[in-house]
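What follows is a short report on a single structure.
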Amino acid sequence: MIRPFLLLAAAGLLCACAQQPLRGTGDLGVVVERATGSLQLIESSGMSSLARIEGLGDLSHASVVFSRDQRFAYVFGRDGGLTKVDLLRQRIDKRVIQGGNSIGGAISQDGSLIAVGNYEPGGVKVFDARTLEQIADIPATPLADGSRNSRVVGVTDVPGQRFIYSLFDTGETWLLDFSQGRTPQISRFESIGNQPYDALLTPEGRYYIAGLFGEDGMAKIDLWHPERGVERILDGYGRGQQKLPVYKMPHLEGWTVAGNQT
């Protein structure tokens with residue numbers, strides 16, 4: 001009667017030994033390996049590489065956000081793939097192809113929602129962060145000729161269970177409010193400028209600033225007072241200068257704010 005119990009206990013011990021050792025997540029990070037569609041998992045305390053996680057698709061314009069507990073990384077791939085990676089088990093937890101051409105995304109303030117911005121089809125899709133079940137599909141404004149929807153750029157999480165993003169082809173900014181449930185309230189800011197292409201959120205979460213690729217200027221929205229609409233800032237900053245070709249878009253995500261200086 002004792003032997004089966006001992007066998008089960010031994011099997012459990014062997015299984016436990018095969019698992020990854022217990023560790024925190026505060027020193028973990030990922031390196032996107034674009035050419036191979038993989039992530040390298042690193043830790044900064046010992047400055048070492050822990051694992052390589054493969055099978056994440058086209059990472060040529062990849063971006064990553066992390067769960068609130070820092071266990072999971074959510075990777076947005078250019079092929080429309082949304083991949084949830086378990087950093088402790090060092091493997092893909094879940095992967096969905098949610099669009100044809102994705103350009104990044106964000107995780108909500110409470111960590112429950114993942115929003116993905118798409119070039120194709122134009123719009124934003126929102127997923128349950130735990131299961132990657134789709135809970136909302138918000139198509140962008142169609143182009144005048146009806147050929148397709150506007151491309152979405154600059155998806156950013158905003159305090160209060162909200163997401164904000166801009167529409168490159170139609171010159172708009174949309175604010176999605178999920179604070180009252182999983183059917184969002186949508187606020188649209190129109191005519192913000194020509195070809196908004198990326199965005200910056202100030203550290204206190206108050207100002208959303210969209211850069212304009214099609215003209216000299218930027219569009220600022222005060223999220224504490226969205227009823228005030230859009231304010232144009234740095235309007236005509238290149239006035240009087242010879243126009244030169246743009247070889248590479250500067251991204252506002254690479255900006256930072258210190259005090260009243262940007």
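The table that follows gives values for the structure above.
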| read-out | value |
| --- | --- |
| Over the chain: helical MRE at 222 nm, DSSP H runs n ≥ 4 each giving -39500 (n - 2.57), nearest 500 | -2000 deg cm²/dmol |
| Stokes-Einstein translational diffusion, the chain - Kirkwood Rh over all Cα pairs, 1.002 mPa s, 20 °C, in µm²/s | 105 |
| Residues T202, T131, T156, sorted so that the one with the fewest Cβ neighbours within 10 Å comes first | T131, T202, T156 |
| Of G193, G146, G57, the one that fluctuates the most in a GNM where the chain has Cα springs shorter than 10 Å | G146 |
| Student exercise, the chain dipole from Lys, Arg, Asp, Glu Cβ charges, in Debye to nearest 20 | 700 |
| Cα shape, region 25-97, gyration tensor, a/c 1.5 rule | prolate |
| For region 210-262 versus region 130-162, the gap between their alpha-carbon centres in whole angstrom | 22 |
| For the chain, the longest site-free run once chymotrypsin sites (Phe, Trp or Tyr not before Pro) in DSSP loop states with at most 14 other Cβ atoms within 10 Å are removed | 1-223 |
| Given 13 as the ceiling on other Cβ atoms within 10 Å, longest exposed-site-free region of the chain for GluC sites (Glu not before Pro) in DSSP loops | 55-132 |
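Just so you know, all these numbers are worked out from the coordinates, no wet-lab data involved. All values reported here derive from a predicted model rather than from experimental measurement. Ideal geometry is used to build each Cβ from the backbone, glycine not excepted, and the neighbour counts take in all protein chains shown.
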